[in-house]
Amino acid sequence: MLFCFKNLVPHRVCKRLSDFPFDELRKQGFKCALLDLDNTIAPDRAAEPNEYSHRVIRNLKDAGFDCCLVSNAKSSRSAKFAAALGISHVDFAGKPSPKGVWKAMELMNVVAEQTVLFGDQLFTDILAAKRAGIHAVFVEPYDKKEIFYVRFKRFFEYIVRKTCRF
Ligand SMILES: [Mg+2]
């Protein structure tokens, strides 16, 4: 792996979060799931959770995870989302800075070894998780409909993924 891409390479890649074996991670000692919102647990810029979002959170809770939304989205939208799902949230997370991740860990009262982040973007979610020293799971985007600047970033993600083969 190219050294400069080190913080962009996730520990694991998953196609659909709804099929993810969360109990496997739980057995490894992880107990707190930090979740990106747009295109990870819901369509891009969705106003409220859908059936998929509820299913993912239900599966996580059933496996014994505490969940916290860590979103760069506007505070009111992520707060509403988290409330509807019955989970905690940190808004204005400022990913790829690790600060929002650390704030969430403090809120959830967990250490890095117990924390895993799920996100659909290498340059925000995965970078923030790796910088914070936690387990990073890259989730293939929920759907192809995305705001233009995210589509632009997908090209660079493609280069990183091709180079590092994941
Ligand atoms: Mg996202």
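The values are calculated or read from the model by the stated rules, or taken from the named source; none is laboratory data. Not measured: the values here are computed from a predicted model. Positions of Cβ are generated from backbone atoms using ideal geometry, with glycine treated the same way; all protein chains shown enter the neighbour counts.
Before moving on, here are some points about what is shown:
- Just so you know, in the stretch 25-46 the residues that are in contact with a Gly (Cβ under 8 Å, 6 or more places away or on another chain) and touching a residue at least 60 places away in the same chain (Cβ under 8 Å) include one that is farthest from the ligand (Cβ to nearest atom), and it is Lys31.
- Filtered by the rule that a residue be of a type outside the set (S, T, N, Q) and either surrounded by 24 or more Cβ atoms within 10 Å (Cβ to Cβ) or within 11 Å of the ligand (Cβ to nearest atom) (or both), the stretch 117-131 gives Leu117, Phe118, Gly119, Asp120, Leu122, Phe123, Asp125, Ile126, Ala128, Ala129.
- The one condition in (1) crowded, with 17+ Cβ neighbours inside 10 Å; (2) in contact (Cβ under 8 Å) with a residue 24 or more places away in the chain that Asp91 fails to fulfil: (2)
To keep it simple, each residue is scored yes or no on (1) modelled with pLDDT of 95 or more; (2) outside any helix (DSSP H, G or I); (3) of a type outside the set (D, E, K, R).
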| residue | (1), (2), (3) |
| --- | --- |
| Cys67 | yes, yes, yes |
| Ala79 | no, no, yes |
| Phe92 | no, yes, yes |
| Lys95 | yes, yes, no |
| Lys103 | yes, no, no |
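- Within the stretch 96-109, considering residues that are in contact with a Ser or Thr (Cβ under 7 Å, 6 or more places away or on another chain) and without any contact (Cβ under 8 Å) to a residue 40 or more places away in the chain, the one surrounded by the most Cβ atoms within 10 Å (Cβ to Cβ): Pro96
- Index of the failed condition, Leu85 passing every other in (1) under 15 Å from the mean Cα position of the chain (by Cα); (2) free of Cβ contacts under 8 Å to residues at least 60 places away in the same chain: (1)
- Hits in the stretch 13-39 - residues which are surrounded by fewer than 20 Cβ atoms within 10 Å (Cβ to Cβ), closer than 15 Å to Phe138 by Cβ and either under 12 Å from the mean Cα position of the chain (by Cα) or of a type in the set (Ser, Thr, Tyr) (or both): Val13, Cys14
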